[in-house]
Amino acid sequence: MKKIRNKIMFTMMVLTLLPAILIGAYSFYTTSEAIKENALIEQRNQLFNAHQSIQATVSRVESDLLFLRDSNAMQLYLSAKKSSRKRSALLLTNLRHLAQQFSQQQQIYSSVRYLDAKGQELVRIEMRDEIATDLIKKDELLNREQRDFFTEALNLQSNQVYISPLELRRNNGKIVEPYQSTIRYSTAVRDADGNKQGVLVLNLNADGLIKTLVGEKQDKWIITLTDPDGFYFYHPDESRQWSGPSNLNKQQNIFDDETLELSAIKNSNDTITSENESMLVLSTPVVLGKNRPKLGYLFNIVPKSQLFKPLEDYLIISLIIAAVSLLLSLIFAAMLANSLSEPLVELKDSVERLSRGDLESPISVKAKNEIGELSRAVELLRKSMNILMKRSGR
């Protein structure tokens, strides 16, 4: 009878565990895919919104630059330079006031400058503690003839604009502290005859752009911003920030991180999702507008252990439920096996007594199932044999 009991218990275990395993495996797969896809959709949406905000900001810069270049204050000053030194000095002051008022109203520029044809600053407005400050002392007005935003702008055609890479601001070759990130927009300034008279420069405060791109700190995702070569502009770990040669020169490059396996992403112009055994990465190039230079790359990185943490909790709960179900199935299987095997054991003992000639002991019938019917049939056989034996004895 143990064989019957074991078969019943094994069958109950299979019937309990097999559906649980199949359903659990399918649920685990579909849930993991749903978590990954939902996370990527959420990050893509945040990235799209950040890009839209950046495009709205930078689209103003070039128009602001050309507005100041073509303003009456600028043109009057350029005209006065040819005729009267005293009048040109007065109009230069007027130009400074215009640049100061403009900078105070816009609040997105850390500096507004006008340089003459030799690179000497004539107008320099700096944003300090949200106040546009006019710097007029000789030692505050520097010569910038060696800087790229000056030399490149002088070589541009009319209405063309030079856009510098994102970098930390410098004064006299030294990085300004606390760090101030900037993107410089510059264009050549011409007089009424079309002759180049200098360069107008707007320093866009890039701290706001970076904050827009990286958003608020997230628990799971690691968000980094790099230059086109992969050197960090921003990283949650401050020791990695501004790692490029033109900034702090820390030589930390995201493409050198072998755990991320990002070599296929380098020089890509599309949004790409990549993953390995431990990491999921969403990367996208960041540009400053149509036909404008690439600012760099934005990387959203998440360890799979963090992303699938809810799934691990779900798996633990599922295992607990499966264990409880298995225990209950074993209990019910044991009860069912006993309910089936005990009547059979009793019937077996009765049949053995009958085979030894005991025709007097009645066979009890308790079960109300097929075993009970078999017991009644055997009891009828015992009675019939008993009657036959009594008749034969006569």
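Where only DSSP H runs of four or more residues are counted, the chain gives -17000 deg cm²/dmol as its mean residue ellipticity at 222 nm, each run worth -39500 (n - 2.57). Using C-alpha pairs under 8 Å with a sequence gap of at least 6, the mean separation divided by the residue count of region 70-209 gives a relative contact order of 22 percent.
Along each principal axis, taking the top coordinate minus the bottom one, the Cα set of region 57-130 gives 39, 25, 22 Å in descending order.
In the list (1) 21.6; (2) 27.6; (3) 28.3, the label attached to Kirkwood radius over Cα pairs in Å as derived from the coordinates here is (3). Take every pair of alpha-carbon atoms less than 8 Å apart whose residues are at least six positions apart; their mean separation over the length of the chain yields a relative contact order of 14 percent. A straight Cα-to-Cα reach below 17 Å connects Lys220 with the lysines Lys36, Lys304, Lys309, residues fewer than 8 places away in its own chain not being considered. Relative contact order of region 187-312: 20 percent, from C-alpha pairs under 8 Å at least 6 residues apart in sequence. Here's how it looks for Leu122: its modeled amide H is under 5 Å from those of Tyr114, Leu115, Asp116, which are all 5 or more places away or on a different chain. Centroid-to-centroid, using Cα positions, region 143-180 and region 262-323 are 35 Å apart.
Laboratory data are not the source of any read-out in this text; all were calculated from the coordinates shown. Predicted model, so just to flag it, every value in this text is computed and none were measured.
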